[in-house]
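Engineer: Below: one structure in structure tokens.
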Amino acid sequence: MAAAPPRPAGRLLPRARVPAAAMGLGGRGPGAAALGLYGALAALVLLAVRDVLLLYEENRCSMTYMYEYPEYLKIKLPKKISRRYPAYELYLYGEGNYAEENKNLLLTGIPVLFLPGNAGSYKQVRSLGSIALRKAEDIDFKYHFNFFSVNFNEELVALYGGSLQRQTRFVHECIKVILKLYKDHEFAPSSVAIVGHSMGGLVARALLTLKNFKPELINLLITQATPHVAPVMPLDKYLTDFYTAVNNHWILKAQGIRNLTILSVAGGFRDYQVRSGLAFLPRSSQHNSALSVVSSAVPRAWASTDHLSIVWCKELILATIRAFFDLIDENTKQITDDPKKRLSVLNHHFVKHPAKLYAENPETLTELTGAFIWIKIKTSKWNYTVYNDTSSWIYGCVNSNSSVCLEGVDLSWKAELLPTIKAVTLKLQEYPFLSHLVVHVPSTNGNKFTLDCEFFQEDSRTVKLPVTHLFSFGLSSSKILLNSTGLIYNVQLQHFGQIYQAFKIYIEGQCQSLNGRKHSIYRLHVPWSHEDSITVSKVPSLAEISAKLHIAQPENDSSVAVLNIYSSSYCQYEVTIKTSFLQVLGQLIRFHGGTLPVYVISNILLAYGGQLNTLISTGQCSDFALVLSRTARPYKVEPALNIITFLLGFAWFKDVWDALFLPEMDTAVLNNQDVWFPLVSLVLFFFGTGIAFWGGILFSSSLRLLSSLWLALTRPSGLPKDSRLVTPKRSCVTILLVFISWTTCGAFAILIIYLHYLFKVVKLHVNVRAEQKVLNAAPKHSKETSNNANKELIKNCCSVDRSGEAAKSLATSAVADEVVNGFNMHVTVIILLTWIMLLSFPSLIYWIKNLRYNIRLDPDPCRPMAIILVPTLGILMNSSTTKVKSSKLLKIAAQFPLPLSVAVVAFGPMHLYRPAPLFSMWKTVFLIFFTMLTLWGLVKGAPLRPEEKWKPLDNPRNRDLFFRTLQAYFSGRDLRKFPGTFSLNNGSKPVTFYLDPIASAFADYEERKNSFPKYLRG
């Protein structure tokens, strides 16, 4: 039996043993340098987000109004279809008398089907339907369109891909129902034109992937702000698989869809939900009937639109309806079957408008006869003001022996409509057969206009201006001075072709005379994509133009972006270009903001790994913000990614990679899409670190606020005493949540376990704060009580039933120490779980909205993860650092967060659903073995560490190791009910320990360190 040795006046261990920085209980937190660094990173992220969300051109779209009250006639679908798709409906749009006439569904028009997008309403068809109706009235209903619209129940298909295939099949059924409505019509249509907004355009393209779909059922598809290339937020496997199937079919089966004409209209920089680069259709050499444009480049619109206004922007809707009417074949009374004509009409209205009504076969030769006066002009520059009443105004005179031109080629089709002018630039070497250029001056009974003409050498009007370097940060600039004596200047912007470049161009115009000065027009022309932007400015003035790209310059394209200046004569222009650092950051967020959750999770995993390592080395678990500032280093992640990317260039390594069934790295895919550029991953990693750091600070502050409210409303129950990982009650809760995830929605089960975990962490925080408040209240009383108790221990060392206040106080302090360590570990886990829950939230919202149709979400992207995550978190939330430290797997588990953080960045940017399963599987494997070892330890009794590891005790780390070894052994156990003996070093000689001597040893081990080995040996 071991008796307590005589003990001099002892002293309690300092209360500073309780590190509680994360809990607001005092302690050391991140330094000022870390706060400054992460504050700067957060500021940069906020500035970049501000540039994307707020700093764009004003809304120049006009609202579309209905002249009569819109009505939506529900089309009755076959019962089989209604039962299969109870949440979906089909409507016919109408107004006034037109709606009344169509109630019997005796339709005679041309069918057009509108498909709404993510969370979109079927009522968004009203702008198209109303303007089409007004235009049909103007031509006495010679032709008219019937606009149908599908109600998709406003589903979040951009965030949850499980319903995309179902929507596609329903649209197929709707097309068949629509065509049946015209079966008795004289000019019955055999196909339907489709207008799809947002994800509705992708659903329309997906029709071609259906096995039983006939491609001839649709001949025209117009999409509005549809992300064709990739999903904006790839949150589940069904969404990415759907995109892969659609785009692969588009490329591999291009020959089978050559009769389909597709127009994709992007919204420009105002649309921050779907960046315009995603709206450009995948290119295929076998399919040349596709056209992609940005709304800022559309003639007669010249306006960027946001994601919603693109469906009601009057200028764009007018262009769309004009195109529809020009596509009508007079013989069939339907949209033409000629794909060349369809593409020609779309080019006419959406790419280059010559300010003339569309003509399928414009006359090449025109007789210039009548009461005309032939006037020869031999100067290189002249102007004339007259009234205009015709659209054909410039001709080329074919070589003849006559003194006057009797027959000419109409060159008006070469003109281009701009906001305040129509202009034509003709290269004479392309027209060697012409002897004269003829300008037709009509009679004076129309709109007044001024005609300016000049001959010039192209080289004399073309200047080269190199753009400034990316890292000049706007401190340097490039300038050029133009003394304009002509009508046009072309400024070539050298080395401008990457999406990460962003500039501000300042154009200052000064004129000799303000009389008769016209507006100057500045057009930023991007030759490799239809994304021009136009600025109109008065002279004199200082115009500011933002120059940035939606599409990077292709590798095999040698063209140069050009700034066209349509100027007034005798004006001087100074062009200055500077790098806009804030817009560079904006481009980074615009193209890669959706990948930031991946980098945040990668940083959190690094911090979690750091906590496990400090738990091994010091026995302490630092708070999240502190350990993040120490462990989140890009050199732990980026070099590994670069090495893997380099090795994948070798065939042998690629074969090994494929043999391991590893997916393609997302960075390689992004690089093939020309949106991945040098240092982008490094910058995103730093941004992720800043977001993770301040997210952790915000989360800890929220916990502190919740615990304060708890303390104000309830009485704390004390520190937890039940240390068991598995109990019947907890097992039943876990089984119930697994059942819920299987029968209803996996995200719902994740939300419940998350709230349960959060509740336990807040409760833990409350109890520790209450206990420390008690410890801080009477330190002197505890010390005096301890001394008195030790005197009693000398007299009654063999008494099991007596324990002094010192034992209770120190036992409480020791437990509180471990509880705070456990709290820090749980905070990191729940921060990571918060991001996992947020990424799974869209499927939860979808499930809630569709509960009235089906209680089980099918397919459910979160169900497999929930089945793994629920039991894992059920064990993890009840574990403590004492148990984790005692696990033999701790050193192995601590090595996993680093490769996991690398894997998350390698495979997560284009698949945001991958990080959560990686974390879940890792924790599951660790906790299975950890639980087995813990349960085995509870049955057998964990032996103390060998006596040699406690010597020499003059080393502070060894003393701490000794103390924590005892603490780890006795923590969570009721010492009054503890067995009388246990095995030391697996020896056969029993050593008896009693409560009071153990408390005495804990109280003053520093002063008694030399006697501890003998004391423990009895």
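Engineer: Name the residues whose placed amide hydrogens come within less than 5 Å of the amide hydrogen of CYS571, ignoring near sequence neighbours (fewer than 5 apart) on the same chain.
Structural biologist: Distant-sequence amide H within range of CYS571: SER484.
Engineer: On to the next question. Report, in debye and to the nearest 20, how large the dipole of the range 831-903 comes out about its Cα centre when Lys and Arg carry +1 and Asp and Glu carry -1 on their Cβ.
Structural biologist: Numbers: 8 positive and 2 negative charges, 48 e Å.
Charge dipole of the range 831-903: 240 debye, to the nearest 20.
Engineer: Could you derive backbone 3J(HN,Hα) for the range 497-506 from the dihedral phi with the Karplus parameters 6.51, -1.76 and 1.60 (θ = phi - 60°), listing whole Hz in sequence and x where the residue is Gly or Pro?
Structural biologist: x, 10, 6, 7, 8, 8, 9, 10, 10, 10
Engineer: Note down the relative contact order for the range 165-304 as a percent, whole number, built from C-alpha pairs under 8 angstrom at least six residues apart.
Structural biologist: Across the range 165-304, relative contact order equals 21 percent.
Engineer: Also, quick follow-up: Using mean Cβ contacts within 10 Å as the protection proxy, how do 611-624, 79-92 order, highest first?
Structural biologist: 611-624, 79-92
Engineer: For the range 70-337, compute Rh as the Kirkwood radius over C-alpha pairs and then the Stokes-Einstein diffusion coefficient at 4 °C and 1.567 mPa s; write the answer in µm²/s, rounded to an integer. Walk me through the numbers before you get to the answer.
Structural biologist: Numbers: Rh = 18.6 Å.
The calculation lands on 70 µm²/s.
Engineer: For ILE488, list long-range residues whose amide hydrogen, built 1.01 Å from N in the peptide plane, is under 5 Å from its own amide hydrogen.
Structural biologist: SER567
Engineer: Considering amide H positions built from the backbone, and no H for Pro or chain starts, which residues 5 or more places from PHE449, or on another chain, come under 5 Å of its amide H?
Structural biologist: VAL386, TYR387, ASN388
Engineer: Give, as ranges by residue number, the residues of the range 312-338 whose backbone N falls under 19 Å from the point 7 Å along Cα→Cβ of SER190.
Structural biologist: Hits in the range 312-338 for SER190 at 19 Å: 327-338.
Engineer: Pairs of alpha-carbon atoms within less than 8 angstrom and 6+ residues apart define the contacts here; what relative contact order does the range 99-215 have, in percent?
Structural biologist: RCO, the range 99-215: 37 percent.
Engineer: Sort 638-650, 296-308 by packing, meaning the average of other beta carbons within 10 Å per residue, with the highest value first.
Structural biologist: Numbers: 638-650: 13.2, 296-308: 22.2.
Sorting 638-650, 296-308 by mean packing, highest first, produces 296-308, 638-650.
Engineer: Alpha carbon centre of the range 45-98 versus the range 153-228: separation in Å?
Structural biologist: With the range 45-98 and the range 153-228 each reduced to a Cα centre, they are spaced 16 Å.
Engineer: Oh, and also: Using the Karplus curve 6.51 cos²θ - 1.76 cosθ + 1.60 with θ = phi - 60°, work out ³J(HN,Hα) for each residue of the range 274-281 in order, rounded to whole Hz, and write x for Gly and Pro.
Structural biologist: 10, 5, 5, x, 6, 8, 7, 5
Engineer: Which peptide among 667-680, 116-129, 200-213, 693-706 comes first, and what is the full order, when sorted by highest mean count of other Cβ atoms within 10 Å?
Structural biologist: Output ranking for 667-680, 116-129, 200-213, 693-706: 116-129, 200-213, 693-706, 667-680.
Engineer: Something else about it: Spelling out what I want: for every residue of the range 462-479, take phi, set θ = phi - 60°, compute 6.51 cos²θ - 1.76 cosθ + 1.60 (Karplus), and round to whole Hz; glycine and proline get x.
Structural biologist: 10, 10, 10, 10, x, 7, 6, 6, 4, 8, 7, 6, x, 7, 10, 8, 10, 10
Engineer: In this model, which of LYS135/LYS176; LYS76/LYS237; LYS314/LYS548; LYS414/LYS548; LYS180/LYS352; LYS135/LYS427 are farther than 30 Å apart at the alpha-carbon?
Structural biologist: Among LYS135/LYS176; LYS76/LYS237; LYS314/LYS548; LYS414/LYS548; LYS180/LYS352; LYS135/LYS427, the Cα-Cα distance tops 30 Å for LYS76/LYS237; LYS180/LYS352; LYS135/LYS427.
Engineer: Would you please report the Å³ per residue occupied by the convex hull of the alpha carbon atoms in the range 118-169?
Structural biologist: 73 Å³
Engineer: On to the next question. In nm, what is the difference between 0.36 nm times the number of residues separating LYS479 and LEU889 and their Cα-Cα distance?
Structural biologist: Between LYS479 and LEU889, full extension yields 141.1 nm more.
Engineer: If you average the C-alpha positions of the range 302-366 and of the range 659-695 separately, how far apart do those two centres end up, in angstrom?
Structural biologist: 41 Å
Engineer: While we're on this one: With contacts defined as alpha carbon pairs under 8 Å and 6 or more residues apart, what's the relative contact order of the range 443-550 in percent?
Structural biologist: Reported relative contact order: 25 percent.
Engineer: While we're here: What list of whole percents do you get for P(r) of the range 475-579, with Cα-Cα distances grouped in 5 Å bins up to the one holding the largest distance?
Structural biologist: P(r) for the range 475-579, in whole percents per bin: 2, 12, 24, 24, 16, 12, 6, 3, 1, 0.
Engineer: With the radius of gyration and the Kirkwood radius both derived from the Cα set of the range 594-751, what is their ratio Rg to Rh?
Structural biologist: Rounded to two decimals, Rg/Rh equals 1.08.
A short reminder: the numbers here are calculations on the coordinates, not readings from a lab. For clarity, every value in this text was computed on a predicted model and none was experimentally measured. Here the Cβ is made from the backbone with ideal geometry for all residues, glycine too, and neighbour counts use every protein chain on show.
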